[in-house]
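Novice: Here it is, the structure in full.
Read-outs: derived from the displayed coordinates by stated rules, not from any lab. As the structure is a computational prediction, the values presented were derived from the model and not from experiment. Here the Cβ positions follow ideal geometry from the backbone for every residue, glycine too, while neighbour counts run over all protein chains shown.
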Amino acid sequence: MSTLAVTRHLDRLSLASRQQVLLRAVPPLATPLFVWLTVVLGSPFHPLLTALLVLLAVGSALLPDSSVPLFLVLTLAATWALQVPQTLSWWTLVAALLLLAIHLACTLCGYGPPALALDRATLSAWATRGLLMASATAVVWLGTLLLAGLDLPAGPVPMVAGLAVALGWTAYLGRRLLTR
């Protein structure tokens, strides 16, 4: 990127609406909270990984319409999956909701230039979608918790049944979201 392009981008950011400033603040605020949550739950603290995550969060706030938010969410999810020993605690649900908040904020920021203030209809539609995805997350978490307590036999049948339920729920939500 040339100096002129960076200057032009920073000029556009200086015109950001109040709504955009609030939405762009979500990734830099949610990321340290997510990292703190992983450390509290037993993950070792990695200063270089934390610095990379904070840089990705700031990059997501500055460039929400790029692939930086995708890398942020994938890195946070991989950090959780590989380092947190408690996989079915209440904190798993909190972590998933933090990832959803980052995703929604970056999606809404990517709608247009920083000076754009989104109308109520758009915000309402995305709030509904966010609530649907939060409820789907809670249902999957509860189902996983229930199945973990049943001590099912190992084999392909429980896995295929679980995948069928997840696929059915995804198809239902996808159909519901696309018909509006």
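Novice: Taking 2.2 N^0.38 Å as the expected size of a compact globular protein, what ratio does the Cα radius of gyration of region 1-118 give against it, to two decimals?
Specialist: 1.13
Novice: Give the angle, between 0 and 90 degrees and rounded to the nearest 10, that separates the Cα long axis of helix 3-14 from the longest principal axis of the Cα atoms of the chain.
Specialist: Tilt of helix 3-14: around 80 degrees.
Novice: Helix 68-83: angle to the longest alpha-carbon principal axis of the chain, degrees 0 to 90, nearest 10?
Specialist: The angle comes out near 30 degrees.
Novice: Return the whole-Å distance between the Cα centroid of region 76-119 and the Cα centroid of region 21-75.
Specialist: Each part reduced to its Cα centre gives a spacing of 9 Å.
Novice: Same structure, new question: On a full-extension model of 0.36 nm per residue, what is the gain between F71 and L147, subtracting their alpha-carbon distance, rounded to one decimal in nm?
Specialist: Result for the pair: 24.3 nm of gain on full extension.
Novice: Extent of region 120-179 along each principal axis, from alpha carbon coordinates, in Å, largest to smallest?
Specialist: 49, 20, 8
Novice: Another question about this same structure. Quick check: residue separation of Y172 and A121 times 0.36 nm, minus the Cα distance between them. What number comes out in nm?
Specialist: 16.1 nm
Novice: Kindly state, to the nearest 0.05, the FRET efficiency for L22 paired with Q83, given R0 = 30 Å and r defined as their beta-carbon distance.
Specialist: Efficiency computed from Cβ-Cβ geometry: 0.50.
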